[in-house]
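Accompanying notes for the structure given below.
The values are calculated or read from the model by the stated rules, or taken from the named source; none is laboratory data. Fair warning: this is a prediction, and the values are worked out from it, not measured in the lab. Please note: Cβ atoms are built from the backbone with ideal geometry, for glycine as well, and neighbour counts cover all protein chains shown. With ligands, DNA and RNA removed, areas are computed over all heavy atoms of the protein, side chains included. Shrake-Rupley method; radii C 1.70, N 1.55, O 1.52, S 1.80 Å.
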Amino acid sequence: TGTLSGCVVTESMPVAATIRVPPKGDLQLIEISANQASHHGASVRWGGNVIEVEHDSAGNALIQVIERRLDAEGRPIEGSASDGRFMIKASATVDHQFYARDRMITVAGTIDGSATVHLGEKTLTVPVVHVSEFMLWLPNMRDGPYWRHYDDYWYGPHFGFGRGSHNHQHGHRP
């Protein structure tokens with residue numbers, strides 16, 4: 001298990017195609033939620049606001065997200081309507097400083113089962129997205145995301161894990 005950590009970017013970066021462009025079929029959370037079992041392995045691109053981060057016994061990060069509509073670049077639209085919650089699963093340890101509550105995130109990946117979450121006294125079953133790529137957006141910034149593509153090599157302004165942890169800081173914004 002690696003460490004999923006981040007850097008703050010000072011220059012504008014292009015948004016990865018898998019974040020910017022929805023996958024074929026563009027399945028929405030409401031469609032998956034109605035029949036999660038029949039969509040196992042389906043490709044999705046969803047985004048929203050981080051609610052909380054946990055780690056399971058296998059060391060996977062589980063990031064609970066309240067879904068939001070996405071704009072043309074794949075960025076969640078703050079305050080837009082939501083069809084519910086979903087969970088992001090990543091084979092990594094997450095730095096809670098970067099994945100703070102309400103932080104906007106967009107994920108591309110595949111449906112990998114479901115998880116149970118508690119909302120007050122209610123228990124919800126939400127779809128789990130096994131992440132292949134994601135964008136962690138800087139607060140109140142339209143031009144500076146954190147970006148990560150899951151592979152064993154890294155190129156340019158993103159961070160990663162695979163064989164060890166590769167962190168690269170391009171600077172920071174006040």
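Can you say whether ASP152 is touching a Lys or Arg at 6+ places or on another chain (Cβ under 8 Å), assigned to a loop (DSSP other than H, G, I, E, B) and either at pLDDT 90 or above or within 30 Å of HIS39 (Cα to Cα) (or both), as far as the supplied structure shows? The answer is yes for ASP152. Within this structure, SER91 passes the test of being modelled with pLDDT under 90 and surrounded by fewer than 18 Cβ atoms within 10 Å (Cβ to Cβ). Among the residues in segment 64-73, are any under 17 Å from MET135 (Cβ atoms), of a type in the set (Lys, Arg) and part of a loop (DSSP other than H, G, I, E, B)? Yes, segment 64-73 contains at least one residue that is under 17 Å from MET135 (Cβ atoms), of a type in the set (Lys, Arg) and part of a loop (DSSP other than H, G, I, E, B).
The residues of segment 11-57 that are of a type outside the set (Val, Ile, Thr), out of contact with any helix residue (DSSP H, G or I) (no Cβ under 8 Å at 6 or more places or on another chain) and assigned to a strand (DSSP E or B), listed by number, are SER43, GLY47, GLY48, ASN49, GLU52, GLU54, HIS55. Of all residues in segment 104-126, those satisfying the criterion of being buried (at least 18 other Cβ atoms within 10 Å of the Cβ) and under 16 Å from VAL50 (Cβ atoms) are MET104, ILE105, THR106, VAL107, GLY109, ALA115, VAL117, VAL126. Note on segment 69-82: among residues that are open to solvent by less than 50 Å² (accessible area, probe 1.4 Å) and closer than 21 Å to GLU31 by Cβ, the one that is farthest from the chain's Cα centre (by Cα) is SER80.
Considering only residues that are farther than 21 Å from PRO22 by Cα and hydrophobic (A, V, I, L, M, F, W, C), which ones fall in segment 114-137? Give the steps one after another, and end with the answer.
First, the residues of segment 114-137 that are farther than 21 Å from PRO22 by Cα: 114-125.
Residues satisfying the conditions are ALA115, VAL117, LEU119, LEU124.
In the set (1) within 20 Å of THR18 (Cβ to Cβ); (2) modelled with pLDDT under 95, GLY79 fails one condition alone, (1).
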